[in-house]
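Q: Pasting a structure here, questions to come.
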Amino acid sequence: MSELFIQFDPELGFWSPFVYWFVTVSAILCVLFTLVVIVGGVFDLRFLFNALSEEDVDETDDGRVVAQEPGDTGKTGG
Amino acid sequence: MNVASIDWTILGVLFLALLAMAVWINGKCRSVADYLVSGRKVRVWLGMGAGIAGEIGLVTIVGTCEQGYMRGFGFVLIAIMSMMIMVPLFGVFGFGIERFRASKAMSVPQYIEMRYDKRLRIMSGFFNSFAGVLQMCVFPIIGAGFLRVLIGAPEVAFMLGDVAVRSDWVIMGILLTCACIFTFLGGYITLIVTNFFQMIIIMVSLYWLGFELIRKIGVQELWSSLETNHGLSAVYPFTGEAGGYNVIWFAWMILMSILLQFSYGPYLQKYAAMDRPKTVSLSYLVGSLFGSGRTFVIIGFGVAALAMMGPTQPPGVEVSDTVWSSMATPYFLAQHVGPVLMGLLLASLLFADISTTDQYILSWSTSIVNDCICPFKKKPFSPRAHIMAVRLTIIILCVLFFLFGLIYTPTMPIWEFLWSCATVICGTGIAMLFGMYWKRASIAGAYASVLTCLIVPLTDLAARQVWQARGHDSNEYFWLPQTSAFTTFITAIVLMIVLSLMSSKPTKYWDLGKIVKEMNKGQTS
């Protein structure tokens, strides 16, 4: 951990330490975030598979736009 | 080659496990909506996890490592400034992207038909697909080049009669075949699930590699060599150096990024797959806030290559000078990554390519079938025929990419080429944006915005080619590419507004804001 505290070139002023610490903290936060995503994603996978097996299939929901009634500004098939 | 038997074993086992998963998931696909947008049942964490894999493409890694080698962390400040605009706009307010999900459209052109007219749907579908496919043509060959240098494969794999078969072509064929297999099986459901697991492997590999490089080189050495080699431009992007960033570049990039959120097929298909509008904005918010860290880690690989090899090509390296900056990092990694980690790294790079290629190729294939073929059919496809049409299109595109890769020779930096294609697509984004929020946005205005973003960039590109063909230096052309693109966007927006105000015809506007609220409360689905 002490390795993270380094020396910077004084000619580069504020930007060098700012960017260094921003990058370091972002990288660490990304690790933690990835762990959260993995755990949450596993639960969402269960939901996905359950939902797919329970849903009613709508064969008209395939990307086409169905004929419109007056005042009806557009519907998909689904 | 730099790859040990254990590395090939790791790669093989992981690939087969993922393939087995894809075959099993294939059975879950029961409808066109399942195949194209996972039945709209993707929740926030799964969407984010799959999205991460989709964003980390092999070409992205190549380009990002190149940035790290050439410019260090100069991009960080731009990323921060960009986040300050994009995160509130899309992550908090869900600007446009929540409304798109509320429309229940599966694609941009489908919404265009709902809001404007069918002919514009066909036109925008055609141009967007064309630009998107053109963009994708370079992905496989660039990724294959990176992998060839990484594994230390020779330039020529074998001779076929008098023809020297390049290793790049063999690797490219493998990458495309893999992407084809995963999109073929189960469509977007397979993509979401396999991308999620690929994400885990990619992130573990990237971070393990990062730790290894830091352990070998040391943080102080890494940072000091960056400061020495690039000076202030390593950490501050607006130094005014030739070829560097500036305000116009930033303005153009931000405007393009905003418009692509409403027009880039792969993004919109991802949003269409989510269970409700709030999931879309939430996944954008969290993904943006925490996603920059992984980009910085990848930049760090380029910085590590710079620290160990210096800014110029070492003697005895068999890579041409023009592509050295993009090959420096794989060359460096090939020398310093040991067994087991190399196997995991190879698997992660393969999966990075598969996860992005399959997402994009499914998106563009969907657009070609739904927006360029289906509107001409008198009788709609049956669900089985519809899925088969998309699969056939996937195969045709993969063959096209392979053939393109055989003849491709880079004449401009990768990012310039990709951004030129993106400019064409942004015209549809303007039509989308105004369509969702402005009752008076008219068909004439929408046509004008789409055509402006097609004609102006192509004319500009042709003019630059003529300029260079006449012996002039491309750097002396009277305006920069980003100025041309930024002017194109402003012109298209002005034309949309003016032509819409001049039109008195009623429009097909409906209040998506109200539907967003209802869907987020669970009152409708």
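Q: Tell me, in nm to one decimal, what length is gained between B:Trp324 and B:Thr177 on full extension, where the rule is 0.36 nm per residue of separation less the Cα-Cα distance?
A: On the way: separation 147, 0.36 × 147 = 52.92 nm, distance 2.77 nm.
Extra length from B:Trp324 to B:Thr177 when fully extended: 50.1 nm.
Q: What length, rounded to one decimal in nm, is gained on full extension from B:Leu480 through to B:Leu392, with 0.36 nm per residue of separation minus their alpha-carbon distance? Could you put the intermediate results ahead of the total?
A: Numbers: separation 88, 0.36 × 88 = 31.68 nm, distance 4.01 nm.
This chain segment gains 27.7 nm when fully extended.
Q: Then there is this: Name the residues whose placed amide hydrogens come within less than 5 Å of the amide hydrogen of B:Arg166, ignoring near sequence neighbours (fewer than 5 apart) on the same chain.
A: Under 5 Å from the amide H of B:Arg166 lie the amide H atoms of B:Ala157, each far enough along the sequence or on another chain.
Q: Turning to a different aspect of this structure: Looking only at other chains, what is the average number of their beta-carbon atoms within 10 angstrom of each beta-carbon in B:109-120? Mind showing how you got there, number by number?
A: On the way: counts 1, 5, 3, 1, 4, 6, 3, 1, 0, 1, 0, 0.
Per-residue shielding by partner chains comes out at 2.
Q: Provide the net charge surrounding B:Leu282, with neighbours chosen by a C-beta distance below 14 Å and charges set as Lys +1, Arg +1, Asp -1, Glu -1.
A: On the way: positive: B:Arg43, B:Arg101, B:Lys270, B:Arg276, B:Lys278; negative: A:Asp44, B:Glu98, B:Asp275.
Once positives and negatives cancel, what remains is +2.
Q: With only alpha-carbon atoms in the gyration tensor, what are the semi-axes of the equivalent ellipsoid for segment B:182-258, in Å, largest first?
A: On the way: eigenvalues 246, 133, 11 Å².
Square roots of five times the eigenvalues give 35, 26, 7 Å.
Q: Now for a separate question. Towards the positive end of the charge dipole of chain B, with charges on Cβ (+1 Lys, Arg; -1 Asp, Glu), say which of B:Leu403, B:Cys65, B:Leu160 has the farthest Cα.
A: So the residue furthest toward the plus end is B:Leu403.
Q: Using only atoms on other chains, find how many Cβ atoms lie within 10 Å of each Cβ of peptide B:199-207 and report the average. Spell out each step's value before the answer.
A: Working: counts 4, 4, 0, 1, 7, 2, 0, 2, 4.
Averaged over the peptide's residues, the number is 3.
Q: I've got another one for you. Under a cut-off of 22 Å between alpha-carbon atoms, report the lysines in cross-link reach of B:Lys505, not counting same-chain residues fewer than 8 places apart.
A: Straight-distance partners of B:Lys505: A:Lys75, B:Lys118, B:Lys439.
Q: I've got another one for you. Need one number: the % of Cα-Cα pairs in segment B:5-408 sitting beyond the 29 Å mark. Numbers along the way, then the final one.
A: Details: 37320 of 81406 pairs.
Percent of Cα pairs beyond 29 Å in segment B:5-408: 46.
Q: Label 7 Å along Cα→Cβ of B:Met83; segment B:266-310 residues with amide nitrogen under 16 Å?
A: Correct set: B:283-300.
Q: What number comes out for the charge environment of B:Ser355, summing +1 per Lys or Arg and -1 per Asp or Glu over other residues with Cβ under 15 Å away? Before the final figure, lay out the partial values.
A: Details: positive: B:Lys270, B:Arg294; negative: B:Glu55, B:Asp353, B:Asp358.
Net local charge, B:Ser355 excluded: -1.
Q: Going down the list B:Lys378/B:Lys517; B:Lys379/B:Lys521; B:Lys377/B:Lys514; B:Lys28/B:Lys278, which pairs span over 28 Å between their C-alpha atoms? Mind dumping the intermediate values first?
A: Numbers: B:Lys378/B:Lys517 36 Å; B:Lys379/B:Lys521 37 Å; B:Lys377/B:Lys514 33 Å; B:Lys28/B:Lys278 26 Å.
Pairs exceeding the cut-off: B:Lys378/B:Lys517; B:Lys379/B:Lys521; B:Lys377/B:Lys514.
Q: Cβ neighbours within 10 Å, averaged per peptide: list B:221-227, B:364-370, B:383-389 in order, most packed at the top.
A: Values: B:221-227: 20.3, B:364-370: 26.9, B:383-389: 16.9.
Packing proxy ranking, top to bottom: B:364-370, B:221-227, B:383-389.
Q: Calculated FRET efficiency, B:Trp438 and B:Gln220, Cβ-Cβ r, R0 41 Å, to nearest 0.05?
A: Details: r = 55 Å, r/R0 = 1.33.
Plugging the Cβ-Cβ distance into 1/(1 + (r/R0)^6) gives 0.15.
Q: Quantify how strongly other chains surround peptide B:170-177 by giving the mean number of their Cβ atoms within 10 Å of each of its Cβ atoms. All intermediate terms of the calculation are to be shown ahead of the outcome.
A: Numbers: counts 0, 0, 0, 0, 0, 0, 0, 0.
Per residue, the average neighbour count from other chains is 0.
Q: Fully extended, how many nm does the chain gain between B:Arg119 and B:Phe376 (0.36 nm per residue separation, minus their Cα-Cα distance)? All intermediate terms of the calculation are to be shown ahead of the outcome.
A: Numbers: separation 257, 0.36 × 257 = 92.52 nm, distance 1.03 nm.
Answer, rounded to one decimal: 91.5 nm.
Q: Quick one, could you list the DSSP H helices from chain B stretching 27 Å or more along their long axis (Cα atoms) with average Kyte-Doolittle hydropathy of 0.5 or above?
A: On the way: long enough: B:5-26 (31 Å, 1.83); B:187-217 (43 Å, 1.35); B:277-309 (48 Å, 1.23); B:341-367 (39 Å, 0.91); B:383-407 (37 Å, 2.06); B:414-437 (34 Å, 1.39); B:443-469 (39 Å, 1.06); B:481-502 (31 Å, 1.67).
In chain B, the long hydrophobic H runs are B:5-26, B:187-217, B:277-309, B:341-367, B:383-407, B:414-437, B:443-469, B:481-502.
Q: By per-residue mean of other Cβ atoms within 10 Å, what is the highest-first order of A:38-45, B:482-489, B:109-116? Don't skip to the end; give the middle numbers.
A: On the way: A:38-45: 17.4, B:482-489: 21.1, B:109-116: 27.0.
Answer by packing, highest mean first, reads B:109-116, B:482-489, A:38-45.
Q: While we're looking at this one, here's another question. What FRET efficiency comes out for the pair B:Leu451/B:Thr9, r = Cβ-Cβ distance, R0 = 60 Å, nearest 0.05?
A: Values: r = 54 Å, r/R0 = 0.90.
Taking R0 as 60 Å, the efficiency between B:Leu451 and B:Thr9 is 0.65.
Q: Another question, then. If you take the beta carbon distance between B:Leu403 and B:Gln468 as r and set R0 to 22 Å, what does 1/(1 + (r/R0)^6) give as a FRET efficiency, to the nearest 0.05?
A: Values: r = 26 Å, r/R0 = 1.18.
Efficiency at R0 = 22 Å is approximately 0.25.
Just so you know, all these numbers are worked out from the coordinates, no wet-lab data involved. In this text the structure is predicted, and so the values were computed from the model without any measurement. Methodologically, a virtual Cβ is constructed for each residue, glycine included, from the backbone with ideal geometry; neighbour enumeration extends over all protein chains shown.
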